[in-house]
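Structure record follows, encoded as structure tokens.
Just so it is clear, none of the values below were taken in a lab; they were calculated from the coordinates. Just so you know, these numbers come straight off a predicted model, no measurement behind them. Reconstructed Cβ throughout: ideal geometry from the backbone, glycine too, with neighbour counts over all protein chains shown.
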Amino acid sequence: MPTSLRLSRARAWLIPAVLLLAAGCSREAGPPATSFTASAGQVKPVAASPVTRYAAARFADQVSFGATPALVADIQAKGFERWIDEQFAMPPSLIDTAPIAQYDSFDPKQADFAWRYLNRQLYTSFLNVPDQLRRRVSWALSQFLVVSTNKVEAFGGIAYSNLLQKQAFGNYGELIRAITMNPSMGVYLDNLENRPTSDECRWCAPNENYARELMQLFTLGVVKLNLDGSIQRDAAGKPVETYSQKDVEELARALTGWSFRGAFDRTDYRRYDGELVPDGWRAAHDYGPKTVLGRSFPAGADARQELDTIVSVLMSHQNIAPFVSLRLIQHLVTSDPSPAYLARVATVFRNNGQGVAGDMKAVLKAILLDPEARRGDEPGNDSLQFGKMREPLLWYTGLLRGLGCKQEMTWDDGTGVMVPGSQRPFDAASVFSYYLPTDRAPGSNLLAPEQRLLTSEELSWRLAGFPGAVRRAGTACNAAAFGSAFSTSPGAFADLVSERYFRGAMPASLRQSLIELAPNTAGDTPEYKAISLLQYALLTPYYGVIR
């Protein structure tokens, strides 16, 4: 059978198969796992237990943009908790905004340069920064604390990314304060246009957009939750609503009065830097009394004082701990955590053990070191419901980091960046992001939000020209090791792919398929053939699901 036909049939099988969440299960033998014990939500590994290479590679999938040999070795040598602590101690990596601080967005060449700069810098960050955990957490935050460059300029997208980098390991209440005062968010959700009706401005009216999304998408959700994420219901069995339209209106009034710092020309995007400030015009803020979620806001408070009260109200609400904890667990570890896992993490969100709520470092440790998160460190020891689809951006960065690439790939002309169209970073279609946390697998009650992005278009993109793109990348990627292994033997190539992308535990059926396809794989060099076959391996459900 011709190679092209064999690969075509293999890839045709992949499209329906990769859509099955459970298809990523592999119960083959692997190295022993590390043991863990839980203690009142504060989860720590047993110090005497070594971290296996498989467990370290699995952990890398949860805390980075893709495993690399160096990262896996570092995690294995230090252990999970020490590695996390060292990540916490690193300064945040930030993207330089200066090259696109001033340009004319109406000039196509200048605007195109700005958008290319945004994408290149983001992907360079994803692939290369040493503070991988911070970058991965800030990427997770960006997917439910959404600012999109479909409305703000490229500079604003980078500035918002930098803000999340600075805040990722801080306190969630301070993060809410920071995004409320962030110019990119002010533009994206219209809080810069939020002014009360007054004698001085009869044409003004409060804008409810940010107030609504602050409660619905950023902190509380629309129905009341128990600590384990289950929905509270009234006597008739109906979900109890978290807030009312009146709460939205009152919160919008409390959020009036914020403005850019200083005056800027239309082409000067430095207005997106720093923080918003209270407008100097007294009529810009509503100084009247208000009531939000049962809390009274006294008359006469200015915009900063009202923001302090808003943060206090939201952080003391019963919903915020399970609401935020679920989203972070979903993005880092598993799409459908058990109620007990969620409750343990939410408990830490409410109290880090020292009476502090919203301590992101404590919450992240609780998520990553929980017994449910670590159970699968021994292959086959996790539950069938555990895991998450490898979302498009993580699939792509995982491919690149495994190849040692230092930048994203380009299309044939060498100019257009080759990025997944279904998940362009900081370019979600709406404030509801790329998918909803409550999205479920078709025909199932299993939470699987990332699965929404596995469309035919996305799978076609994964079939599109990566061998040629790796060749064009030249020294920006290191494909030589794969070409060398391919030249040595099909088995040596399969072993290298297993080590880099499958934690050294590639399923036997996939390994055998690679060995059988290798002799007839099309390509004019060993490297080209190797990357063609690697692309096939990464299209399988075994790589498409993080377990």
Among 451-464, 228-241, the order from most to least packed when residues are scored by Cβ within 10 Å on average: 451-464, 228-241
Translational diffusion of region 191-315, µm² s⁻¹ [Kirkwood Rh, Cα pairs; Stokes-Einstein; 37 °C; 0.692 mPa s]: 205
Residues with amide H under 5 Å from that of ARG440, placed H, sequence gap 5 or more: ALA448
For PHE297, net neighbour charge (Lys/Arg +1, Asp/Glu -1) across residues whose Cβ lies under 14 Å away: -2
Rotationally averaged projected area of region 447-547 (alpha carbon convex hull; nm²): 7.1
Burial order of peptide ranges 510-516, 320-326 (average beta-carbon count within 10 Å, highest first): 320-326, 510-516
Cβ-based net charge around ALA283, under 10 Å, with every Lys or Arg adding one and every Asp or Glu removing one: -2
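In deg cm²/dmol, rounded to 500, what helix-only [θ] at 222 nm does the chain give when every DSSP H run of at least 4 residues adds -39500 (n - 2.57) and the total is split over its residues?
-13500 deg cm²/dmol
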Whole-Hz couplings from phi, Karplus 6.51/-1.76/1.60, listed for region 182-199; x for Gly and Pro: 7, x, 4, 5, x, 6, 5, 10, 6, 6, 5, 9, 8, 9, x, 6, 8, 4
Packing-based exposure ordering (other Cβ within 10 Å, fewest first) of SER509, SER433, SER487: SER509, SER487, SER433
25 Å Cα-Cα reach of LYS361 towards lysines, excluding residues that sit fewer than 8 places from it in its own chain: LYS44, LYS78, LYS166, LYS388
Charge dipole of region 214-296 about the Cα centre (unit charges at C-beta), most positive-ward option of PHE218, ALA252, LEU293: LEU293
Protection proxy ranking, peptides 370-376, 389-395, 440-446, 123-129, average beta carbon neighbours within 10 Å, highest first: 389-395, 370-376, 123-129, 440-446
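What are the semi-axes of the equivalent ellipsoid of the chain, taken as the square roots of 5 times the eigenvalues of the Cα gyration tensor, listed largest first and rounded to whole Å?
Largest first, the chain gives 43, 28, 20 Å.
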